[in-house]
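Everything below concerns the one structure shown next.
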Amino acid sequence: MLALNVKTHLQAQTVAAMAVGHQHNHQGVSSAFETIYRKQGLVGLWRGVNGAVPRVMVGSAVQLATFASAKEWVEKLKWFKEGSWMVALAGGMISSVAVAVAMTPFDVVSTRLYNQPVDERGMGKHYRGFLDCFVQISRKEGILALYKGIGPAYLRLGPHTILSLLFWDELRKLTYRHQQHGV
């Protein structure tokens, strides 16, 4: 979580002609850590984490709940042979869409919190915290603004979700077989 603040600062950085939003102008990773710490203290390195923690909590909850439900649904429809790894693959694919939909608003809020300029006390100049940022985006830009970047978010979250759930399910089945039959 600590490195997310630095990562966001560096990813948002660009030349003045193309700059969008606040620019931090760090020279590299260590420079970013040093500058943030010097100007804002240890708290500055953790700024924005109140958006990242709910993101991970919601993402994990949605991932596990939708995977179990999607897998049951795919099994019920009998698209694939019972016990096939394709059932877990299909369940993971369905779950991956739900994860991207659930996590993207948290990504948008976290990015805004991490990247906002701060005053001399290290307080954000645009948002007071997670809820304030969420409300301001919704009111000023509309609820769909919370889904900016959902395509790239899916390209990052989708394969991770699909493969993690598929491998987890297959390893769980192997463990169960080994415990039951010693094979």
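Bear in mind that the values in this text are calculations on the coordinates, not laboratory data. All values reported here derive from a predicted model rather than from experimental measurement. Because the Cβ atoms are built from the backbone with ideal geometry, glycine has one as well, and the counts that use them run over all protein chains shown.
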Inset, instruction - Using only C-alpha positions, report the orientation-averaged shadow area of the convex hull of region 47-181, nm², one decimal. - result: 10.2
Legend entry - Spatially proximal aspartates and glutamates relative to Lys39 (Cα-Cα < 20 Å; intrachain offsets below 8 disregarded): Asp119, Glu120
Inset, instruction - Take Tyr176, Tyr114 and order them by how many other Cβ atoms sit within 10 Å, fewest up front. - result: Tyr176, Tyr114
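Which order results if Glu82, Glu141 are arranged by neighbouring Cβ count within 10 Å, fewest first?
Values: Glu82 7, Glu141 12.
Ascending Cβ contact count within 10 Å gives the list Glu82, Glu141.
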Inset, instruction - Give me Phe167, Phe130, Phe33 ranked fewest to most by other Cβ atoms within 10 Å of their Cβ, as a rough exposure proxy. - result: Phe167, Phe33, Phe130
Legend entry - Cα coordinate range in region 23-121, projected on the principal axes (Å, largest first): 61, 22, 20
Inset, instruction - Would you mind computing, in nm to one decimal, how far apart the modelled labels at Tyr37 and Trp85 are, each placed 7 Å from Cα along Cα→Cβ? - result: 4.5
Inset, instruction - Would you please give the FRET efficiency between Arg172 and Val56, computed as 1/(1 + (r/R0)^6) with r the Cβ-Cβ distance and R0 = 25 Å, to the nearest 0.05? - result: 0.70
Legend entry - Two-site FRET efficiency, Ser69 against His126, from Cβ-Cβ distance with R₀ of 35 Å, rounded to 0.05: 0.40
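Can you pick out the pairs among Lys148/Lys173; Lys71/Lys140; Lys71/Lys148 whose Cα atoms lie more than 32 Å from each other?
The answer is Lys148/Lys173; Lys71/Lys140.
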